[in-house]
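Here the structure comes first, spelled out in structure tokens, and everything after it is commentary.
The values are calculated or read from the model by the stated rules, or taken from the named source; none is laboratory data. Everything quoted here is computed from the prediction, not taken from an experiment. Note that each Cβ is placed from the backbone with ideal geometry, even for glycine, and that neighbours are counted across all protein chains shown. With ligands, DNA and RNA removed, areas are computed over all heavy atoms of the protein, side chains included. Shrake-Rupley method; radii C 1.70, N 1.55, O 1.52, S 1.80 Å.
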Amino acid sequence: FFQDKRAFVFSNAYSPASGTAPSVKSILTGKSPSYWGRQNISKPPPVDEETLVSHFLKEGYRTGGFTANSLINGGGFSDDYMKYLALGGYNTIRQSALVSDLILGREPISSLAWAEKNSLHKVDGALITKLGLEWVRENLSDNFFLYLHLMDPHWPYRNLDKTPSEKLSHVDMLSGRVDVNNVDAGLLSEMRSRYLGEIEYSYEILSTFLKELEAIGVLEDTLVVVLGDHGEEFFEHDKFSHGHDVYQEQ
């Protein structure tokens, strides 16, 4: 979809922060992470804080949100949506009987034990876009604001065929089981490949979503913004993952 003649691509863009909650908080409010102060930086925006969502709601738009990251929930993250669903983590797994088509690692959930062993609690973005599209179809006659939050490019990185990986996970990296000064080059290369594979998969999901918006006749009158809330570091500065500094990788 980057090659679409209607697309405007920013080649030099930066997220507001190196972690999800403070970054999304800034994206929704237009205020820098430092505005909130250290103690409140990762908390949801206050319910009385104007956000993109509350603005569109006041303007008469219907508002919907679906996120694969359960951190984006509560307060100004979710209160101004007419319909909002935050998936991810143990709550999703426990509610799996109620969400019959929920998929983790592109396989159906059968039990908490299965999910812990096979998926590491990662919700497939195809479900998020599916829920978003269904919501759009229900609101075709109205102006709408829709927020979708995908987690596919986020650790834990699945194998390139999207099956859960049995190799080193982010849990191992963050718990100190790996000597960051002596990281296996082959493993690091594989993790990079899996990360890029997740990004490519996100492109596929979003491309399909845009085609479906076009098919139901709303794409021409809809502004679609695609952005990331943070990046990832692969030991460029002796660390792994994100949220701990502000180097360009993050």
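One chain, two ends: residue 137 and residue 245. Fully extended at 0.36 nm per residue, the span grows by 34.8 nm beyond their Cα-Cα distance.
Taking a straight Cα-Cα cut-off under 17 Å and skipping sequence neighbours fewer than 8 places away in the same chain, the lysines within cross-link reach of residue 58 are 83. Close amide H contacts of residue 63 (hydrogens built in the peptide plane, cut-off under 5 Å, sequence separation of 5 or more or a different chain): 82, 83, 145.
Computed from backbone phi, the HN-Hα couplings of region 143-157 come to 5, 9, 10, 10, 10, 10, 10, 8, 10, 4, x, 9, 5, x, 7 Hz, rounded to whole numbers (Karplus: 6.51 cos²θ - 1.76 cosθ + 1.60, θ = phi - 60°; Gly and Pro given as x). Seen from residue 16, the other residues with C-beta closer than 12 Å to its C-beta sum to a net charge of +1, counting Lys and Arg as +1 and Asp and Glu as -1.
Any idea of the accessible area per residue across region 1-95, 1.4 Å probe, to the nearest Å²? Please report the intermediate quantities before stating the final value.
Values: 5570 Å² over 95 residues.
Dividing the accessible area of region 1-95 by its residue count gives 59 Å².
On full extension, the segment bounded by residue 234 and residue 38 gains 68.0 nm, given 0.36 nm per residue less the C-alpha separation.
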